[in-house]
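The values are calculated or read from the model by the stated rules, or taken from the named source; none is laboratory data. Small disclaimer: the values here were computed from a predicted structure and weren't measured. Here the Cβ positions follow ideal geometry from the backbone for every residue, glycine too, while neighbour counts run over all protein chains shown.
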Amino acid sequence: MTALDEKGRLFCLLEPTVEALGYELIDLDLHTGGRGLLRVFIDGSDGIGLDDCELVSRQLSDFLDVEDPIPGHYVLEISSPGTDRRLRTIGHFEQFRGQEVRVRLKNALNGMRKFRGFIDGVQKESVLIRVDGQILNLNPSEIDLAKLIPDD
């Protein structure tokens, strides 16, 4: 199973628990090996504080202990999305229309794999990113990582 498949499987496992607590599962990182780490990014309608992270951590820790979907030892870390939050869904891109974003594609497009641009909007199942005056029409499945660039 590839790392991408593993991430998708974990996302499907964890999302119902996070949503049942009233939060949105924004994204997750999984690093396995000697010093394993599962970092889960959550958000809520009133933002995220330490109490929110502790609540989700307790629930997911119990769930992961029972389900045991990750082999080996790892540390579970719950985090807010931060000012450089990740964008994963069409809804995320729509929410932050007009904002500057850093994008890394899974495969190069027009010779570019990494670039900065502005979210111009969404169109059906596509994200429109304006880069140097040109509009790129991207399917979220083509995006490896997209993060907001915080205002200075």
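Laid out as a table, the results:
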read-out: Test: residue in the stretch 131-140 that is in contact (Cβ under 8 Å) with a residue 40 or more places away in the chain and either touching a Gly at 6+ places or on another chain (Cβ under 8 Å) or outside the structural domain of Leu25 (by TED's automatic domain parsing) (or both); value: yes
read-out: Top-ranked residue of the stretch 141-152 - restricted to ones that are touching a residue at least 40 places away in the same chain (Cβ under 8 Å), surrounded by fewer than 17 Cβ atoms within 10 Å (Cβ to Cβ) and not in a loop (DSSP other than H, G, I, E, B), ranked as nearest to the chain's Cα centre (by Cα); value: Leu145
read-out: Filter result for the condition that a residue is under 23 Å from Ile129 (Cβ atoms), assigned by TED's automatic domain parsing to the domain that holds Ile135 and acidic (Asp, Glu), over Glu94, Glu24; value: Glu94
read-out: Test set (1) at negative phi; (2) surrounded by 11 or more Cβ atoms within 10 Å (Cβ to Cβ); (3) at pLDDT below 95 - Leu55 fails condition number; value: (3)
read-out: Residue in the stretch 108-120 that is touching a Pro at 6+ places or on another chain (Cβ under 8 Å), of a type in the set (S, T, N, Q), part of a loop (DSSP other than H, G, I, E, B) and under 16 Å from Asn139 (Cα atoms) present; value: no
